[in-house]
Amino acid sequence: MTDGETFSIVNKNERATSCRIYDYRRCRVLLISLSKSKKIMKKAVWMMCLLFGISCSLLAQKSAVFNPAEGAIHGYDPVAYFKENKAVKGDEKYSLSWNSATWYFSNSENLNTFKANPEMYAPQFGGYCAYGMANGHKAPTDPHAWSIIDNKLYLNYSKDVQKTWKTKSPEYIQTANKNWPEIKDKE
């Protein structure tokens with residue numbers, strides 16, 4: 001090669017870089033820099049993917065309480081199920097944050113009753129469907145598909161699921177109680 005002659009350097013990605021012989025050193029330095037930059041970029045991309053994967057798995061873990069936008073039990077008063085024997089919509093002015101969820105009550109008396117003993121009035125399995133829990137998974141619930149068994153509140157996905165639940169609820173409760181510790185913090 002003579003001074004001023006043009007030549008090409010092909011890198012790993014089959015991209016040709018043309019350089020003149022007197023630019024050879026600069027061209028070689030440029031290619032080495034590009035090569036190092038690519039390695040750094042690859043590491044950065046892998047680290048970002050790893051961090052993204054970790055954050056997604058953390059975010060994917062659902063709360064131990066079924067907590068839709070309307071609050072726990074879709075904004076219904078958990079104490080009313082026991083006192084009034086029906087689903088009663090709560091009021092924002094009677095609310096409480098407990099167990100990473102917002103709970104609503106229809107009156108101050110029910111709010112204070114819940115505050116005194118939340119474990120007694122909160123639905124079993126964090127308000128997730130009791131039948132779903134018996135079958136090894138979390139499912140949302142309908143506040144109108146409920147039952148109180150042995151002084152505990154159980155919610156179901158729908159009225160149809162509730163019919164199935166009621167056929168063998170003692171067996172389902174036993175199975176759901178076994179499943180809950182493993183499933184409660186999972187998606």
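The values are calculated or read from the model by the stated rules, or taken from the named source; none is laboratory data. Since we're looking at a predicted model, the values are computed, not measured. Virtual Cβ from ideal backbone geometry, glycine too; neighbours counted across all protein chains shown.
At-a-glance table
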quantity	calculated
Options Asp160, Asp142: the member that is touching a Ser or Thr at 6+ places or on another chain (Cβ under 6 Å), more than 15 Å from Ile183 (Cβ to Cβ), of a type outside the set (Val, Ile, Thr) and at pLDDT 95 or above	Asp142
Only listed residue being aromatic (Phe, Trp, Tyr), touching a Ser or Thr at 6+ places or on another chain (Cβ under 7 Å) and at pLDDT 95 or above, chosen from Tyr104, Tyr76	Tyr104
Residue selected from the stretch 151-186 under the condition touching a strand residue (DSSP E or B) at 6+ places or on another chain (Cβ under 6 Å) and of a type outside the set (Gly, Ala, Ser), by the criterion farthest from Lys138 (Cα to Cα)	Lys159
Residue count, the stretch 151-183 (criterion: part of a loop (DSSP other than H, G, I, E, B) and either under 21 Å from Val88 (Cα atoms) or polar (S, T, N, Q) (or both))	3
Residue satisfying condition, being more than 17 Å from Gly75 (Cα to Cα) and at pLDDT 95 or above, within set Gly132, Gly126	Gly132
Condition met for Ala139 (among the hydrophobic types (A, V, I, L, M, F, W, C) and buried (at least 19 other Cβ atoms within 10 Å of the Cβ))	no
Pairs where the first residue, in the stretch 127-145, is assigned to a strand (DSSP E or B) and the second is buried (at least 21 other Cβ atoms within 10 Å of the Cβ) and of a type in the set (A, V, I, L, M), C-beta under 9 Å, 6+ apart	Asp142/Leu155; Pro143/Ile73; Pro143/Leu155; Ala145/Leu155
Single residue of the stretch 64-73 satisfying the filter (of a type in the set (A, V, I, L, M, F, W, C) and part of a loop (DSSP other than H, G, I, E, B)) that is modelled with the lowest pLDDT	Ala64
Selected residue [exposed (fewer than 15 other Cβ atoms within 10 Å of the Cβ) and within 19 Å of Gly71 (Cα to Cα)] from Ser158, Ser97	Ser97
